[in-house]
Each structure stands twice: as structure tokens, then as C-alpha cells.
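Q: Please find one structure pasted underneath; my questions will follow.
Laboratory data are not the source of any read-out in this text; all were calculated from the coordinates shown. Owing to the predicted nature of the structure, the values given are computational and were not obtained by experimental measurement. Heads up, the Cβs are rebuilt from the backbone with ideal geometry, glycines too, and the neighbour counts pull from every protein chain shown.
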Protein chains: 2
Amino acid sequence: MQQDIFLVGSGLTRFGEWWDKSLRDLMREAIEAALESSGLQAQDVDLIIVANMLAEVTNNQAHMAALASSLLPHHPPALRVEAACGSGALAVNTACAFLESGRAKTVLVVGVEKMTDASADAISQALMGAADSELDAPSGLTFPGIFGLIAKRYMYEFGLTREQLSIVSSVHHKHATENAFAQFRYELSPEAVSASPLVSDPLRLFDCSPISDGAAACVLSTVHRSGMRLAASQIASDTLSITQRPTIVSFPATRAAMELALCEADITRKDIHALETHDCFSIAAVINMEDLGFAKEGEGIRIYEDLHAGHAPMFVNMGGGLKACGHPVAATGIKQLIDVSKSLTRGRARYGLAHNFGGAGATCGIHVLENTHV
Amino acid sequence: MQQDIFLVGSGLTRFGEWWDKSLRDLMREAIEAALESSGLQAQDVDLIIVANMLAEVTNNQAHMAALASSLLPHHPPALRVEAACGSGALAVNTACAFLESGRAKTVLVVGVEKMTDASADAISQALMGAADSELDAPSGLTFPGIFGLIAKRYMYEFGLTREQLSIVSSVHHKHATENAFAQFRYELSPEAVSASPLVSDPLRLFDCSPISDGAAACVLSTVHRSGMRLAASQIASDTLSITQRPTIVSFPATRAAMELALCEADITRKDIHALETHDCFSIAAVINMEDLGFAKEGEGIRIYEDLHAGHAPMFVNMGGGLKACGHPVAATGIKQLIDVSKSLTRGRARYGLAHNFGGAGATCGIHVLENTHV
């Protein structure tokens, strides 16, 4: 980092189905909570960055940045950043650039999505916008379809079983029971995951993160301080289409961003005690553990087996991950950062990492947070 | 500017109707032209910023950043910036932040839009996403409707006549005749503008910028140099909805961004010899002259009367503006910067200014370019 950037405030709506709240309502709720927790006034915000993927399709609302600016009395400059489900982390990375450049001293980043007003068909089609509309979509693939292919291939290459995979969502649901902001606050046995309806072989309903409404906001500053310092902010890209990649059982953008992030934070993986990783589908969480370097190739499930057995080496998706906390896509990357800060505070741990990606890993954003009180 | 940033290359597709080219094709064409004109290799690009507003609706394609990254062999990190029709300038401003922060040394900014595949109804509705979907759209307003109201009120307050207003598009069409990249390369008399079909009283068809496909790309760098230096990059926001503003005949975001830009460039208005301003509708160009401070309140048309008479104080929309060059919305802000650089080179002038806004002026981005060879 070129400068010390602190996470000075954060706010969330509960993720879920909010038919009675608009995009404006959801943003306002998260922003007010973030400002209140920061102790700052709205006027202290120099710049707003909105992360949003779907509002143009779901709510006929582009220009979300000006909508967010309208919510603050001084209408600060604002822009929207989008990188599909990775929009949240990309927005935080963009905030870092503005802060380090000196163009802003305090940036409000807010991610929001309102997905449940649309039909399942419409939202499924809109989400396919995160893949390549020329090379992936014409085959009839949906995102569960893409990750079903990935899971099938992964099982073929590494022998992962259906029973093992079911542990992932079970762990996430257990964690969500203690998260007041989670969409699903109930436990789910691995057997229940395995018995849930088939969506895209071998993926079943409970392997898939849900359709969610919600917002997450954070205040980042170089002039106001807190105990939570950003130690790294890195992004990487890959081909948009899975058809242009040599393998589908690993996401090179995660690997690239992770190496850059560790280098920027000047730490090793052993220093990381809290991790939020992008489990849009259960198989993604398994692969992520390998791409992030916490497990060897083919062994990502072991971390979830350890978590399930209650002896994990670190906190993982303590808020319930995308599966159980919910996945209002562009809000997720910001929520992850907030959840990492909560894990670090509760666990009195020093370093935590938030790993967010878009599409089938075509964009990845990684943030390392340091609890300076430890 | 925290650092010297140079415009080292630029590329355009012709704006128009490109039914046989995809978003990928249009971006590739502009990017290749920009890289070629820069003399750099693709691998010199550290970061891509894509400006796009409508692809999610028109092409079911979000995640445009990863699509752009796919076009370069090393898949550099990439993000998308959106602020409706102001997306281009906001993307350039974001590039400046990344460059000044040191996170990137050479940034490729590409704006693209593919609007003509959609029906007129569909594209009109999609463009209304640039206004407030809760406060503006439910009244049945379209963008011609919004600017029709603005024109009506402006005429009432300042006595502008229909005949005077028709000069604006006539001037722009005359300029476009010499622009190989323009959508409409023919002259249009003020009388023809006045006689064109009524769209939204008092605005007629030839008061309105067209629906366009096209892409514009530029390469900005702190390590590679050229004779074109960015002297200022500023953005500002206003309420998204026109219902929340004290007046509709002035856009405060333009005024705010202009003051900041002059201050950053350390120049006065008299130093500016080339201007590209956002004439989404003819009335906008008139108001912009006042908001930018080149004319007094109610007298913006005088500059166009001077241009029409052939004795203008500066180059204005020499590529034809949005009306005649075309308006693939997110490409426009980048095209403006390129057109300013062309005017400065041809006119051997030192300073030029690009003024781009989104929606009804809810977001504004202003860039000042300095021709260091003068």
C-alpha cells in the first residue's frame, strides 16, 4: 500500500428477500450504519464508489453512483464499478487507488443488489452476463451449469465425492446461525445437502448460493484511523470465457491476485487467521483453497473436513459465506471485508483475507486486513 | 494532477450502426488502433478500464472488464466504470487515480456501446436507467422528454427561440463533415432542424443525439510520454432525479467540476482554445456554455451563433459533437478527449477541455488537455 488506509466504519442490511425495500432504501440503510459506526459525518465523505452488477436489468436503474450521491446532503462525486460478482472487491481496490492518489481522503464504498423482484428465469439470464455472451451463453449454459461442469471435472480429476462436497455448505450454514445479517440462519447437515434437488449434475440446490437482496457499505480513510488497516488490495483478470482456458479446475486470477497480495502485505499464508472466500457454489470454495495456496491441488476439501470436525487452522467464512449469508452479488465483496474485520476482532487475530471473484473466476479481488491492536 | 499523465495513444471505430460487429469486435478495433498509435506493446498495459453503460441490457453482457482483458495476451487486471453517458470521463478520471497512486503506470481506457441491435422502445427504456427509476421514470418520462421539459423551461426563462436552437445541431453537422469517424457526415441547415419531426416539444428529431454503436480507446501513461499532457481530471455529482433540484436550466455538477478543473490545471477560461461539450440534446449544449462559464446565464446560444457565423472564440465540438459524430454513450467521454487532442494539434493550441455528463447532468467529468508542443 502506498499509504495507510483504514477501515473506519461498516454497515450491512440483512441479506435476504426485501420486496418492500428499493435499491435506494437498501443503500441508505447500509450507508447510515457505516457512517454511524465510523463516527464521521456524511460531509466527511469525499467520494462514493458504488458496486453493483444487476440494477440495470432488475430495476432499470443504471447511474447508481448518482443515486448514492443523492443520499448524502453534499452530493459528493461518485462512480460505479462493476466486475460481476467481483464488483465489491474491485470497488474497494478502486477506492484504494483514489485514496493513495490523494484525490480522496475518505471514501464510502457501497455494494448493493436487488435480485428477488425478478423471476428465476430473468435473474438466471442476467447472471449469465458474468460469462461470455458470445462464447459461453449460446451453448445454453447457466452459472449452475458452468460450475456443474467444473465440479464434474474436478471430481473426475481428483476423486472428490458427493458426500465430501456436501460438507462445504453444511459448514457455511453452521457459521451463519450466529450472523444476524445472514439470509439463512439454520443448520444444514451434509446429508440434507446431498438430498437436495439436483440443479446441475453433480451440483444440488444446497451447493448453490441464493438469489439475494442486500447492501454492504464501508468507509475507508487515510486521515481517519481505526484498528483495522488495509495491508493489501490486489486484483487480477483472466479470460472471460471458460472455453479459452487450459483447465477449468483452477482459477489463475485467484492465484495471481494472491501472490500480489501476500507480497504487498509482506506476509505469508501462515500469518492469515481469518479468511472469507467466494463460495458461489460449493465446488468453488474447494478450488479456492487450492488456488489461494491453503491446500494442495485436489485437497481443498480437507480444510472443510477440518472445519466440520471443529479443528480448523483458521476462521473461514464465519458469516456463513455466500451460501448461507446470501449473495447480493456486488455487495458480497464488501460484506466479506466486514466479516474478516469481525473475525479478526473476535478472534484477536492480526491478519485476515477476503477473496472475491466474478463470473467463473475471470476477475479476482483480494484484500488483506490487519488488526493493528494485536 | 499528482503526477504527469500523458495521452500516448488513441483509437476509434467509426460511430454508427454496426450490426455485423460485436462488443468484442468494436473494442478490439479501438484498442488495436490505440496501441498502434501509442507505439506500445499490449504487454505495456498494466490495467484496463472499460466504460460501458448498456451492454447488460442490449447484449446480456456484464463483466465487460474481463471481456476486454481477454483481448490482450497477458490478461491485465481490468474493471468497468459506469456513470451513464458520463461513463467515459469517469473511466478516465479513475485511470488518473490508478496512475497517480502508482498502482499502474500505463492504463488502457476503452469505452464501448452497442445500441442499434435493440428496438427503439427497448433502448429508450434502457437509457432511462440514467435517470431515477423511482422518482423520474414512473411519470412516463423518456430522456427526450426530460430535455424537452428543460428546453421548454429555458425558453420561458430566457426567451431562446426555436430558430436559434436549431443553429446548434447545424454547427455540429457542419463539423462532422470532416470527421472520418462520424456517424452523420452531411450538412444540416437550421431550417432542416426546425422542420424535422417533433419528438418532445420543443425538441425535434435533429435536436437529439442518435442511437449509435462504437468504441473509443486511449492509452494514458506516467512512464511513456507524448506531447499531450492531462492538466486536470475532475468529477462531480448532483441529485440523480431532476425532481430534487431547485432549477432544471443549469447543471450544478458541471459548474462544480469546471471550477475544480480550472484550479487543478491552474488556468483560466481564456486559456482554453478547444472544447468538446456534451450535446446529448441541442439545449444541453446551450446550457453547458453557461455552466462552463463561457457565456452568461441565458446567453449560451451566442457562442453557437458565433460559430455559425464563422467567428468563434474557440474550437467547439470539432468532431461533430454527440449529435453528428454519434453517441455510443460510454464511448463518448473518451472520444471527446481524443477530439480535443486533435483540435489542439491541428490548431496548434495549448489547452483544450472535454466536458462529459451523465443523465440530466447528475454526473459530470471534465478533463483539461495540454499540448506541450505549444
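Q: Just for the range A:135-148: of the residues that are farther than 18 Å from A:F357 by Cα and either free of Cβ contacts under 8 Å to residues at least 24 places away in the same chain or away from every other protein chain (no Cβ under 11 Å) (or both), which one is surrounded by the most Cβ atoms within 10 Å (Cβ to Cβ)?
A: Result: A:L141.
Q: Check B:E56 against each of (1) touching a residue at least 12 places away in the same chain (Cβ under 8 Å); (2) within 11 Å of another protein chain (Cβ to nearest Cβ); (3) not in a loop (DSSP other than H, G, I, E, B) and name the one condition it does not meet.
A: (1)
Q: Continuing with the same structure: For the condition in a helix (DSSP H, G or I) and in contact with a Cys (Cβ under 8 Å, 6 or more places away or on another chain), what is the one hit in A:A330, A:A324?
A: Values: A:A324 fails: in contact with a Cys (Cβ under 8 Å, 6 or more places away or on another chain).
Residue meeting the stated conditions: A:A330.
Q: So, in the range B:316-369, of the ones that are buried (at least 24 other Cβ atoms within 10 Å of the Cβ) and among the charged types (D, E, K, R), which residue ends up farthest from B:M1 (Cα to Cα)?
A: Filtering the range B:316-369 for residues that are buried (at least 24 other Cβ atoms within 10 Å of the Cβ) and among the charged types (D, E, K, R), the one farthest from B:M1 (Cα to Cα) comes out as B:K323.
Q: Determine if the range A:162-173 includes at least one residue that is within 14 Å of another protein chain (Cβ to nearest Cβ), under 22 Å from the mean Cα position of the chain (by Cα), over 30 Å from A:L108 (Cα atoms) and not β-branched (V, I, T).
A: Here is the first cut: in the range A:162-173, the residues within 14 Å of another protein chain (Cβ to nearest Cβ) are none.
No, the range A:162-173 contains no residue that is within 14 Å of another protein chain (Cβ to nearest Cβ), under 22 Å from the mean Cα position of the chain (by Cα), over 30 Å from A:L108 (Cα atoms) and not β-branched (V, I, T).
Q: Could you tell me whether A:H311 is touching a Cys at 6+ places or on another chain (Cβ under 9 Å), part of a loop (DSSP other than H, G, I, E, B) and either away from chain B (no Cβ under 14 Å) or surrounded by fewer than 21 Cβ atoms within 10 Å (Cβ to Cβ) (or both)?
A: no
Q: List every residue pair whose Cβ atoms sit under 7 Å apart, with the two residues 6 or more apart in sequence or on different chains, where the first one lies in the range B:31-51 and is farther than 26 Å from B:A83 by Cβ and the second, anywhere, is in a helix (DSSP H, G or I) and not β-branched (V, I, T).
A: Listed by first residue and then by second, the contacts come to B:A42/B:L35.
Q: Next question, about the same structure. If a residue has to be assigned to a helix (DSSP H, G or I) and not hydrophobic (A, V, I, L, M, F, W, C) to count, how many in the range B:333-374 make the cut?
A: So the answer is 10.
Q: Turning to a different aspect of this structure: Output the residues belonging to the range A:105-126 that are crowded, with 24+ Cβ neighbours inside 10 Å, within 12 Å of another protein chain (Cβ to nearest Cβ) and of a type in the set (A, V, I, L, M, F, W, C).
A: If the condition is that a residue be crowded, with 24+ Cβ neighbours inside 10 Å, within 12 Å of another protein chain (Cβ to nearest Cβ) and of a type in the set (A, V, I, L, M, F, W, C), then A:V107 is the only one that fits.
Q: Which condition number does B:L275 fail, the rest of (1) under 19 Å from B:I235 (Cβ atoms); (2) among the hydrophobic types (A, V, I, L, M, F, W, C); (3) assigned to a helix (DSSP H, G or I) being met?
A: Single failed check for B:L275: (3).
Q: Counting residues that are in contact with a helix residue (DSSP H, G or I) (Cβ under 7 Å, 6 or more places away or on another chain) and β-branched (V, I, T), which helices (runs of 4 or more DSSP H) fully inside the range A:154-265 reach at least 3?
A: Helices (runs of 4 or more DSSP H) meeting the threshold: A:162-176.
Q: Pull up the range B:105-130, narrow it to residues that are in a helix (DSSP H, G or I) and under 17 Å from the mean Cα position of the chain (by Cα), then point me to the one that is farthest from A:A66 (Cα to Cα).
A: B:L127
Q: Return the residues of the range A:56-65 that are touching a Ser or Thr at 6+ places or on another chain (Cβ under 8 Å) and under 18 Å from B:P138 (Cα atoms); say none if nothing qualifies.
A: A:N59, A:N60, A:Q61, A:H63
Q: Then there is this: Just the residues that are under 18 Å from B:S221 (Cβ atoms), at the interface with chain A (Cβ under 7 Å from one of its Cβ atoms) and part of a loop (DSSP other than H, G, I, E, B), please, taken from the range B:63-104.
A: Selection gives B:P76, B:P77, B:G102, B:R103.
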